[in-house]
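Asker: Sending over a structure as structure tokens; questions will come in a sec.
The values are calculated or read from the model by the stated rules, or taken from the named source; none is laboratory data. This one's a predicted model, so the numbers in the text were calculated from it and none came from an experiment. Cβ placement follows ideal geometry from the backbone for every residue including glycine, while neighbour counts extend to all protein chains displayed. Heads up: the accessible areas ignore ligands, DNA and RNA and are worked out on the full protein's heavy atoms, side chains in. Shrake-Rupley method; radii C 1.70, N 1.55, O 1.52, S 1.80 Å.
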Amino acid sequence: MDRLERTPCMTISQSSSLFCRPFCFQPSMNFIIRSNASNVETNNAQHIAESHSLGDAWIHEEATLEGRSISHCCPGARQTRFVVHSGPIPQALLVDDQTCCNCNIQHGLTSPEFDSLDPNDIGNVEFYHEKLFSNGITCGLGDKRCPCCCNLPYLETMDPTGKKIGESRYICDMCLFVPKVDVFDEHDNKVYRLRPDTCCGGCCVLCRCGGEKGRCLRVPWVIRDPNTNMPLKCSQQSTGEDAQVTSLWTGLKRACQKKEAYFLNFPETANKNMKATLTGTALLIDMSFSEDQN
């Protein structure tokens, strides 16, 4: 965890396929982390090779069958724990799933890929994110959805001893079409607000396009001062952008497999605890906005 102090940015790439896996067929999620990376390969083979050679941390999820079964109807609602490990990426997480339609039901807390790992390959636990059952950000099926306004999704970030070091909370206000997440420190002080840039008088989300590879079309969740809503400077100035959590285009094959990827550009003032918490913010965004589209 100490190396987060020296990490200005990273990418988090989902390794678990969600193609045709709604309801009880949804597995627990695994992710691969690349420190000091700002983009992902859109070619699937190159992406796997890059993750194998340059990935330096990874995440596995522990979630019950009941919780995963409601993710499509109530995104972000399930009780879960995301455990962050350091060390080489286990080969089982890099296998490309060629299955067109996987109807296997995962009954345990962890995915079959994680269950097959040698204990020596698991590495050190750096921190973890967890939550109890809550409402989702919406409730319904398909495009027939009702927004929820209370008991909304969140993720608490804990160090390996179980001490809370931060928290991310989804926020509902009068601008329902502009999502927001607030980030708090271990003393429950609001440190950041994340929301996309907007158009149409602040009522709609503004996309960005024109970047290379995975940055060709994206919606950055800009990290802002919670009092002024002004974007914060990032610690990786070479990107020329504000501090942000950004969803990346992963290429046609990985998009069909419903494998998401995120770029985290940390604020220049963020300490290691806040950087760890912001990785949880990216996971909260993923479970709240990606899984209902499966």
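Asker: What's the number of the condition C199 fails, among (1) touching a Leu at 6+ places or on another chain (Cβ under 7 Å); (2) free of Cβ contacts under 8 Å to residues at least 24 places away in the same chain; (3) closer than 23 Å to E5 by Cβ?
Answerer: Checking C199 against (1) touching a Leu at 6+ places or on another chain (Cβ under 7 Å); (2) free of Cβ contacts under 8 Å to residues at least 24 places away in the same chain; (3) closer than 23 Å to E5 by Cβ, the one that fails is (3).
Asker: Residues of the range 248-292 being open to solvent by 20 Å² or more (accessible area, probe 1.4 Å), within 15 Å of the chain's Cα centre (by Cα) and at pLDDT below 90, which ones?
Answerer: Matches in the range 248-292: W249, K258, E260, D292.
Asker: On the given criteria, is T228 hydroxyl-bearing (S, T, Y) and over 24 Å from A261 (Cα atoms)?
Answerer: So T228 passes the test.
Asker: Find the strands (runs of 3 or more DSSP E) located wholly in the range 129-195 whose residues include 1 or more that are more than 15 Å from D286 (Cα to Cα) and among the polar types (S, T, N, Q), and list them.
Answerer: 154-158
Asker: Next question, about the same structure. Do you know which residues across the range 216-237 are out of contact with any Pro (no Cβ under 9 Å at 6 or more places or on another chain) and either at pLDDT below 90 or of a type in the set (V, I, T) (or both)?
Answerer: Matches in the range 216-237: C216, L217, R218, T228.
Asker: In addition: Which residue, of E50, E41, is in a loop (DSSP other than H, G, I, E, B), open to solvent by 10 Å² or more (accessible area, probe 1.4 Å), more than 17 Å from K258 (Cβ to Cβ) and at pLDDT below 90?
Answerer: Selected residue: E41, the only one of E50, E41 that is in a loop (DSSP other than H, G, I, E, B), open to solvent by 10 Å² or more (accessible area, probe 1.4 Å), more than 17 Å from K258 (Cβ to Cβ) and at pLDDT below 90.
Asker: Quick check on this structure: which one of T269, T250, T246 is touching a residue at least 12 places away in the same chain (Cβ under 8 Å) and touching a Phe, Trp or Tyr at 6+ places or on another chain (Cβ under 6 Å)?
Answerer: Of the residues listed, the single one that is touching a residue at least 12 places away in the same chain (Cβ under 8 Å) and touching a Phe, Trp or Tyr at 6+ places or on another chain (Cβ under 6 Å) is T246.
Asker: Scan (1) open to solvent by 40 Å² or more (accessible area, probe 1.4 Å); (2) modelled with pLDDT of 95 or more; (3) under 18 Å from the mean Cα position of the chain (by Cα) for the single condition T64 breaks and write down its number.
Answerer: Single failed check for T64: (3).
Asker: Sticking with this one: Within the range 72-94, which residues are open to solvent by less than 20 Å² (accessible area, probe 1.4 Å), within 19 Å of S17 (Cα to Cα) and not hydrophobic (A, V, I, L, M, F, W, C)?
Answerer: P75, G76, R78, T80, P90, listed by residue number.
Asker: Got a sec? Which of R145, R169 is in contact with a helix residue (DSSP H, G or I) (Cβ under 9 Å, 6 or more places away or on another chain), over 21 Å from V84 (Cα atoms) and open to solvent by 40 Å² or more (accessible area, probe 1.4 Å)?
Answerer: Exactly one of R145, R169 is in contact with a helix residue (DSSP H, G or I) (Cβ under 9 Å, 6 or more places away or on another chain), over 21 Å from V84 (Cα atoms) and open to solvent by 40 Å² or more (accessible area, probe 1.4 Å), namely R145.
Asker: Can you give me the number of residues within the range 172-202 that are open to solvent by 50 Å² or more (accessible area, probe 1.4 Å) and at pLDDT 95 or above?
Answerer: 5
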